[in-house]
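The values are calculated or read from the model by the stated rules, or taken from the named source; none is laboratory data. All figures in this text were calculated on a predicted structure; none of them were measured in a lab. Quick reminder, even Gly has a Cβ in these numbers, built from the backbone with ideal geometry, and neighbours come from all protein chains shown.
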Ligand SMILES: Cc1ncc(COP(=O)(O)O)c(C=O)c1O
């Protein structure tokens, strides 16, 4: 358009408008561009100089108004957020996290039994593979779904250890099991679909469902049932809208492991619902204490077609910081998760993928290095179960895997301490224990069961011994509130 007007006119007009709009501190470049484009776009050979001058004057007035508004106190930046982020709930443990941070800042030696990661180092053979990848310049993008080398190794592992057959194009490697789970939910759920989540659940599941505009439907499983989903209850909750069931075994936060027979019963219920898919989160698969045995849901008759198996390297291989996970399932669904990934993070770290190939090469279920870690977790589990069984009123379901114990301490709710006040729920109990004995635990409410608290035993036995001593001493000082005489 600018080419249609005479150079003299163009220069004069543009210059005068620009000069008048230069305001210190304002984004002069942006407004110049805007002015020039919008002004010139109205030019054509039929416009008289007079009418152009009139337009110019009007424009000038409008721009002055705009600039005044920009500087006025009345103009407020729109800081509202999208509905998707508003649908996600903030952490239920904010107060506890804040108090812990304050104690740490003040130099108080708190014992943290809240972390969800192994205290062991990444096995040397895995770390070396990562270092070699860097040294050899293996530092470029990989394909979105992950290297063929790693996906082939994952297929071999799933065949040998889990008895499920996949081809590399039925695997998408991601930056962790969490990302794989989110992508699965996004890939298959429509707004309003229901995502069935047995409670106690890993904190992220309901929020991942909300991110997909789906509705989390929580089905409680009680400690007397070892926190395992009752298939009859599941059946009673399924509707036309039920799209996804998320199973987690071994389970965070309970350590429960689903026995094969129970999974078969669940599979029979699932099979009656043509819309229902299953995400089987097997992140803690290798951290399991015999005689418990891990069963992959996709290996059950008729379940391969509708199961998305999620797994990763974070927990068993002590690789949380390497950020590597994967999903395996029918190509139609898995490719859809890959599509989402291709427009967000793309392929996972090339270095981590080399390290993961080394991890899978360590032998069946991680070989000796992983079995040593599992042995240590088992010792700690045994210690905690024994120690807490001595405590009056506590209910325990002995964990069969993962590195958490989920204790029912609701017996102590309603009790009081002089310098703290009333223990009314899992949150106040955890805050009390933090203040009284500087031990950080996670309230069960965060996992959908307010009767319990979660202890992570991904820390040394001696630390656990000190923590348990302190917790027990703090708990026995709790007293029932004085009876109110009427
Ligand atoms: C049950 C469960 N699934 C998935 C994850 C996420 O693991 P990743 O580090 O692979 O994203 C966690 C992490 O705490 C978890 O507990």
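Looking only at the stretch 236-257, decide whether some residue is touching a strand residue (DSSP E or B) at 6+ places or on another chain (Cβ under 8 Å) and in a helix (DSSP H, G or I).
Yes, there is a match, as at least one residue in the stretch 236-257 is touching a strand residue (DSSP E or B) at 6+ places or on another chain (Cβ under 8 Å) and in a helix (DSSP H, G or I).
Results for (1) surrounded by 19 or more Cβ atoms within 10 Å (Cβ to Cβ); (2) in the same structural domain as residue 327 (by TED's automatic domain parsing); (3) on the phi > 0 side of the Ramachandran plot; (4) touching a strand residue (DSSP E or B) at 6+ places or on another chain (Cβ under 6 Å), shown as yes or no for each residue.
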| site | (1), (2), (3), (4) |
| --- | --- |
| 146 | yes, yes, yes, yes |
| 153 | yes, yes, no, no |
| 165 | no, yes, no, no |
| 175 | yes, yes, no, no |
| 179 | yes, yes, no, no |
| 183 | yes, yes, no, no |
| 189 | yes, yes, no, yes |
| 193 | yes, yes, no, yes |
| 197 | yes, yes, no, yes |
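So that you can scan it fast, the table gives a plain yes or no per residue for (1) closer than 17 Å to residue 308 by Cα; (2) away from the ligand (no atom under 15 Å from the Cβ); (3) free of Cβ contacts under 8 Å to residues at least 12 places away in the same chain:
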| position | (1), (2), (3) |
| --- | --- |
| 117 | no, no, no |
| 136 | no, yes, yes |
| 140 | no, yes, no |
| 184 | yes, no, no |
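Could you give every pair whose Cβ atoms fall below 6 Å, whose first residue belongs to the stretch 320-336 and is closer than 30 Å to residue 121 by Cα and away from the ligand (no atom under 16 Å from the Cβ), and whose second residue is modelled with pLDDT of 95 or more and in a strand (DSSP E or B), counting only separations of at least 6 or pairs across chains?
Close Cβ pairs (under 6 Å, with a partner that is modelled with pLDDT of 95 or more and in a strand (DSSP E or B)) do not exist here.
Does residue 243 meet the test of being away from the ligand (no atom under 16 Å from the Cβ), more than 24 Å from residue 304 (Cα to Cα) and crowded, with 18+ Cβ neighbours inside 10 Å?
no
So which of 229, 150 ends up being assigned to a helix (DSSP H, G or I), within 16 Å of the ligand (Cβ to nearest atom), within 24 Å of the chain's Cα centre (by Cα) and in contact (Cβ under 8 Å) with a residue 24 or more places away in the chain?
150
Could you check residue 102 against (1) within 30 Å of residue 203 (Cβ to Cβ); (2) modelled with pLDDT of 90 or more; (3) assigned to a helix (DSSP H, G or I) and say which number it fails?
The one condition residue 102 does not meet is (2).
Just to check your reading of the model, which residue among 165, 224, 190, 180 is away from the ligand (no atom under 16 Å from the Cβ) and outside any loop (DSSP other than H, G, I, E, B)?
224
With respect to residue 198, is the statement that it is within 25 Å of residue 325 (Cα to Cα), within 16 Å of the ligand (Cβ to nearest atom) and over 16 Å from the mean Cα position of the chain (by Cα) true?
Here the answer is yes, as residue 198 does meet what is asked.
Test of understanding: among 397, 349, 426, which residue is within 16 Å of the ligand (Cβ to nearest atom) and crowded, with 18+ Cβ neighbours inside 10 Å?
349
Give 421, 393 a once-over and let me know the one that is on the phi > 0 side of the Ramachandran plot, in the same structural domain as residue 463 (by TED's automatic domain parsing) and in contact with a helix residue (DSSP H, G or I) (Cβ under 7 Å, 6 or more places away or on another chain).
393
From (1) within 20 Å of residue 116 (Cβ to Cβ); (2) modelled with pLDDT of 95 or more, pick out the condition that doesn't hold for residue 264.
Only one criterion in (1) within 20 Å of residue 116 (Cβ to Cβ); (2) modelled with pLDDT of 95 or more is unmet by residue 264, namely (1).
Hey, can you tell me all the residues within the stretch 297-319 that are within 15 Å of the ligand (Cβ to nearest atom) and touching a helix residue (DSSP H, G or I) at 6+ places or on another chain (Cβ under 8 Å)?
297, 308, 309, 310, 311, 312, 313, 314, 316, 317, 318, 319
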